[in-house]
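Below is one structure, written out as structure tokens, with a few remarks after it.
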Amino acid sequence: VLGKGSDLEKAFATTALVYNNAADSNGKLSKAETKSLLQTQFWGFIQGQESKPKYQEIISALDEESEKKIDFEDFMILLVSLSLMSDLLQEIKNVKTTK
């Protein structure tokens, strides 16, 4: 889609494609589907975070039995929230790249 796009544009496009491929015809995911998608596609960021209160809060909200579905905007908020608390983010921040 973004053959000549920047790395950030490609990363965002990939996120949107992964979400859209999992979403229903209305562009939404159930909470269970959202949890599954995060666990399979975002494992590196959430691995080892189980003891953190914010992680537990997010996952608990997804475990609640509810008819409410998650749209792309809410999904992105979850991704950002999980990324910010992640130990992997700290490791990434400590890596210096050279060009």
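The values are calculated or read from the model by the stated rules, or taken from the named source; none is laboratory data. Remember, predicted model here, so these are calculated numbers, not experimental data. So basically every Cβ, Gly included, is an ideal-geometry build from the backbone, and we count neighbours across all protein chains shown. Heavy atoms of the whole protein, side chains included, go into the accessibility calculation; ligands, DNA and RNA do not. Shrake-Rupley method; radii C 1.70, N 1.55, O 1.52, S 1.80 Å.
What is the total of Lys pairs in the chain with C-alpha atoms under 15 Å apart, excluding same-chain pairs fewer than 8 positions apart? Provide the component values of the computation, followed by the final result.
Numbers: Lys28/Lys68; Lys28/Lys69; Lys31/Lys68; Lys31/Lys69; Lys35/Lys54; Lys35/Lys68; Lys35/Lys69.
Lysine pairs meeting the criterion: 7.
Could I have the simple spin-label model distance between Ser36 and Asp74, label points 7 Å from Cα toward Cβ, reported in nm to one decimal?
A separation of 1.7 nm, rounded to one decimal place.
Using a 10 angstrom Cβ neighbour count of at most 11 plus a DSSP loop assignment to flag exposed GluC sites (Glu not before Pro), which longest range of the chain is free of such sites?
After excluding every exposed loop site, the longest remaining stretch is 1-49.
Before I look further, what does the chain give for accessible area per residue, probe 1.4 Å, in whole square angstrom?
71
Using a 1.4 Å probe over the heavy atoms of the protein chains, calculate the carbon and sulfur portion of the accessible area of the chain as a whole percent.
Values: 3780 of 7010 Å².
Whole-percent figure for carbon plus sulfur exposure: 54.
Along its three principal axes, how long is the chain when you only count alpha carbons? Whole Å, largest extent first please.
Ordered largest first, the chain gives principal extents of 48, 36, 18 Å.
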